[in-house]
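Heads up: the structure comes next, in structure tokens.
Throughout, read-outs are computed from the coordinates displayed, never taken from laboratory work. Nothing here was measured: the structure is a model prediction, and the numbers come from that model. Backbone-built Cβ (ideal geometry, glycine too); neighbour counts: all protein chains shown.
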Amino acid sequence: MSITQIENKSNDELRVYLKSFLRGKSIKSEDISYQRFLQDKLLVAHAVKKGVPAILFKEIKTNSPFDDEQWSNFLHINIRTLQRYKGEKSHVFKPIQSERIFELAEVISIGQEVFDSTEDFNLWLNSPSPALGNEKPIELLDTSYGKDLVLAELNRIEHGIFI
């Protein structure tokens with residue numbers, strides 16, 4: 001399956017999810033993408049309160065460089081619990097977990113855009129960064145403050161500012 005096919009399938013799940021919000025109904029179907037959704041902070045805030053359905057999480061996870069163990073660490077839930085949630089199509093993540101899912105989706109979206117490929121982004125995530133105290137960016141993604149540091153570094157890289 002090509003990247004475009006994966007993105008289109010993921011956008012279908014996102015499209016269905018967003019149409020359940022009053023604000024989401026005003027967005028044209030062809031304009032719906034994870035990047036556009038993540039830029040609309042009010043829509044994200046409403047989505048966090050509603051929770052992320054397991055089927056949408058599955059699509060976000062499919063487009064991420066993270067495995068189940070990493071996701072369970074990021075979401076601060078047991079890996080078996082996460083795997084059980086993924087199997088339950090009707091499961092909706094709690095707001096605290098939904099917020100983390102959307103934060104990580106934002107990192108993934110921006111990272112893949114900055115590096116132009118999932119592979120290059122994954123390599124950067126798993127390499128020590130001098131700008132981040134020689135820590136691997138992936139090691140910082142389990143907290144909101146760490147996520148903010150990683151996003152700031154991605155922003156600097158995008159603008160050619162290397163520390």
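Using 0.36 nm per residue, how much length does the chain from ASP40 to ASP120 gain when fully extended, once their Cα-Cα distance is taken away?
26.1 nm
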*In terms of modelled amide H atoms, which long-range or inter-chain residues lie less than 5 Å from the amide H of SER129?*
ASN134, GLU135, LYS136
*asked:* Apply the a/c threshold of 1.5 to the C-alpha gyration tensor of the stretch 22-163 and tell me whether it is rounded, prolate or oblate.
replied: oblate
*For the stretch 40-163: lysine pairs with Cα atoms under 21 Å, gap of 8 or more or different chains, count?*
28
*Would you mind counting up the charge near VAL52? Only other residues with Cβ under 12 Å from its Cβ, with Lys and Arg at +1 and Asp and Glu at -1.*
+3
*Which residues in the stretch 79-111 place their backbone N less than 17 Å from a point set 7 Å from the Cα of LYS49 along the Cα-to-Cβ direction?*
93-100
